[in-house]
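Pasting a structure here, questions to come.
The values are calculated or read from the model by the stated rules, or taken from the named source; none is laboratory data. Model, not experiment: these values are computed from the prediction. All Cβ positions, even for glycine, are placed from backbone atoms using ideal geometry, and neighbour counts span all protein chains on display.
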Amino acid sequence: MIAAYITRRILLTIPAMFAMSLIVFFIIRLIPGDPVFVILGLRSTPENVETLRRELRLDDPIAVQYLHWLGNVVRGDLGVDYRTHEPIRDQLLSRLPVTLEMAFLAMLLSAVMGIPLGILAAVRRRGLADQGSTALGLVGISIPDFWLGVMLILLMALVLGWLPSSGYVPLRESVWGNLSHLLLPALTLALNFAAVLTRTTRAAVLDVLNRPFVRTARAKGLRERAVVLGHVLRNAAIPIVTVMGLQLGYALGGAIIIEQVFSLPGIGRLTLNAVLERNYPVVQGAVLLVTFLFMVINILTDSLYAVIDPRIRHSGR
């Protein structure tokens, strides 16, 4: 049954999270630089270095450091920021809404742009709409996110003055202020996502359009819009939903550059600053959180398959 399948997927997240904890713990320590010298700066005397290294437990063997950190993580303790001495869990929870809002808004914008364009390109294959959507898709995929973000800042913020170029306003303080500050970074991600979603939608709809039940629906005299929206799109939805789920996961984990360009206080920017400062616990906690969210999104995406296609629910996959 579907419930058993989802339970298995949830159980598989445990070894995956363990493997990710190993990878991020050891890879971050391969980066040149010592967090003790970064923290102390000009105060890096031999006595201060030795004292701080002992306080941070960096003088323990690497395996002992990992087991100590992993034991704390299992208990829900992600550690303390090397520089600010704040609990990392509190830092991540305070910044998570920023990244989540941007990711969901980007996915919504990409769906609004990409799905209708993909349907139109498939229905009018080899026509002007198909050629135009293909060209836009190639351009959208080819343009780097950071360059597109800078161009949108120049146009929408500096030239036209329609939207702010940076910063963040919490949703509880102002709905419009929150939306206006997130619209440009979300649009930057959405334009690239929409290009991929357009091509996916076009291919999925074209595949369904050639099936016998579509010809039967047309033979019954149904209008073309009813055929496309009521029969074709529903049967082409699974690859579209899959791509949207992957894009949402990418927006959570790959928004580091976007958050830096638009000065958003999200998890991506926190992680980048932590890498530059060799702030090991922050990097480890942030990567684990994003990994967990990505797995949750994949599980929810798989759950939607049964809603979209009843055959999957009855097959118990």
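When residues of segment 9-33 are filtered for being part of a helix (DSSP H, G or I), free of Cβ contacts under 8 Å to residues at least 40 places away in the same chain and farther than 19 Å from Met295 by Cα, how many remain?
Residues meeting the conditions: 1.
Over 24 Å from Ile299 (Cα atoms) and more than 22 Å from the chain's Cα centre (by Cα) - does that describe any residue in segment 11-28?
yes
Within segment 168-178, is there a residue that is surrounded by fewer than 16 Cβ atoms within 10 Å (Cβ to Cβ), over 26 Å from Ile308 (Cα atoms) and touching an Asp or Glu at 6+ places or on another chain (Cβ under 9 Å)? Even if it seems obvious, please write down each step before you answer.
Filtering segment 168-178 down to residues surrounded by fewer than 16 Cβ atoms within 10 Å (Cβ to Cβ) leaves 170-177.
Checking the rest, the ones that are also over 26 Å from Ile308 (Cα atoms) come to 170-177.
Retained after the next criterion (residues that are touching an Asp or Glu at 6+ places or on another chain (Cβ under 9 Å)): 171.
Checked segment 168-178: at least one residue is surrounded by fewer than 16 Cβ atoms within 10 Å (Cβ to Cβ), over 26 Å from Ile308 (Cα atoms) and touching an Asp or Glu at 6+ places or on another chain (Cβ under 9 Å).
With Val36, Val24, Val64, Val73 as the choices, which residue is in contact with a Ser or Thr (Cβ under 9 Å, 6 or more places away or on another chain), more than 29 Å from Leu248 (Cα to Cα) and at pLDDT 80 or above?
Val36
Okay, next question. Would segment 68-86 turn up any residue that is among the polar types (S, T, N, Q), under 25 Å from Leu264 (Cα atoms) and in contact (Cβ under 8 Å) with a residue 40 or more places away in the chain?
no
I'd like the full set of residues that are under 21 Å from Val24 (Cβ atoms) and exposed (fewer than 13 other Cβ atoms within 10 Å of the Cβ), limited to segment 37-58.
Arg57 - this is the single residue of segment 37-58 that is under 21 Å from Val24 (Cβ atoms) and exposed (fewer than 13 other Cβ atoms within 10 Å of the Cβ).
For segment 103-117, check the following and say yes or no: at least one residue is within 13 Å of Arg202 (Cβ to Cβ), free of Cβ contacts under 8 Å to residues at least 40 places away in the same chain, surrounded by fewer than 20 Cβ atoms within 10 Å (Cβ to Cβ) and touching an Asp or Glu at 6+ places or on another chain (Cβ under 7 Å).
Within segment 103-117, none of the residues are within 13 Å of Arg202 (Cβ to Cβ), free of Cβ contacts under 8 Å to residues at least 40 places away in the same chain, surrounded by fewer than 20 Cβ atoms within 10 Å (Cβ to Cβ) and touching an Asp or Glu at 6+ places or on another chain (Cβ under 7 Å).
Among the numbered criteria (1) farther than 30 Å from Ser133 by Cα; (2) out of contact with any Ser or Thr (no Cβ under 7 Å at 6 or more places or on another chain), which single criterion is violated by Leu105?
(1)
Moving on. Does segment 169-180 hold any residues that are closer than 15 Å to Arg95 by Cα and either touching a Gly at 6+ places or on another chain (Cβ under 8 Å) or part of a helix (DSSP H, G or I) (or both), and which are they?
Of everything in segment 169-180, those that are closer than 15 Å to Arg95 by Cα and either touching a Gly at 6+ places or on another chain (Cβ under 8 Å) or part of a helix (DSSP H, G or I) (or both) turn out to be Val169, Asn178.
This table checks each residue for (1) of a type outside the set (S, T, N, Q); (2) out of contact with any strand residue (DSSP E or B) (no Cβ under 9 Å at 6 or more places or on another chain); (3) more than 27 Å from Arg234 (Cα to Cα).
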{"position": "Val150", "(1), (2), (3)": "yes, yes, yes"}
{"position": "Leu163", "(1), (2), (3)": "yes, yes, yes"}
{"position": "Val169", "(1), (2), (3)": "yes, yes, yes"}
{"position": "Ala190", "(1), (2), (3)": "yes, yes, no"}
{"position": "Thr200", "(1), (2), (3)": "no, yes, no"}
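Take segment 259-273 and flag every residue that is of a type in the set (A, V, I, L, M, F, W, C) and not in a helix (DSSP H, G or I).
Of everything in segment 259-273, those that are of a type in the set (A, V, I, L, M, F, W, C) and not in a helix (DSSP H, G or I) turn out to be Phe262, Leu264.
Only one of these conditions is not met by Leu128: (1) in contact (Cβ under 8 Å) with a residue 12 or more places away in the chain; (2) under 30 Å from Val205 (Cβ atoms). Which number is it?
Of everything listed in (1) in contact (Cβ under 8 Å) with a residue 12 or more places away in the chain; (2) under 30 Å from Val205 (Cβ atoms), Leu128 misses just condition (1).
I would also like to ask the following. Which numbered condition in (1) over 19 Å from Arg124 (Cα atoms); (2) in a helix (DSSP H, G or I); (3) at pLDDT below 80 is the only one that Ala190 fails?
The one condition Ala190 does not meet is (3).
Could you tell me whether segment 35-57 includes any residue that is free of Cβ contacts under 8 Å to residues at least 12 places away in the same chain, under 30 Å from Asp302 (Cα atoms) and out of contact with any Pro (no Cβ under 7 Å at 6 or more places or on another chain)?
no
Would you mind stating whether Arg95 is in a helix (DSSP H, G or I) and on the phi < 0 side of the Ramachandran plot?
Judged against the criteria, Arg95 is a match.
Here's a follow-up. Within segment 245-258, is there a residue that is of a type in the set (S, T, N, Q), under 29 Å from the mean Cα position of the chain (by Cα) and either in a helix (DSSP H, G or I) or within 30 Å of Val169 (Cβ to Cβ) (or both)?
yes
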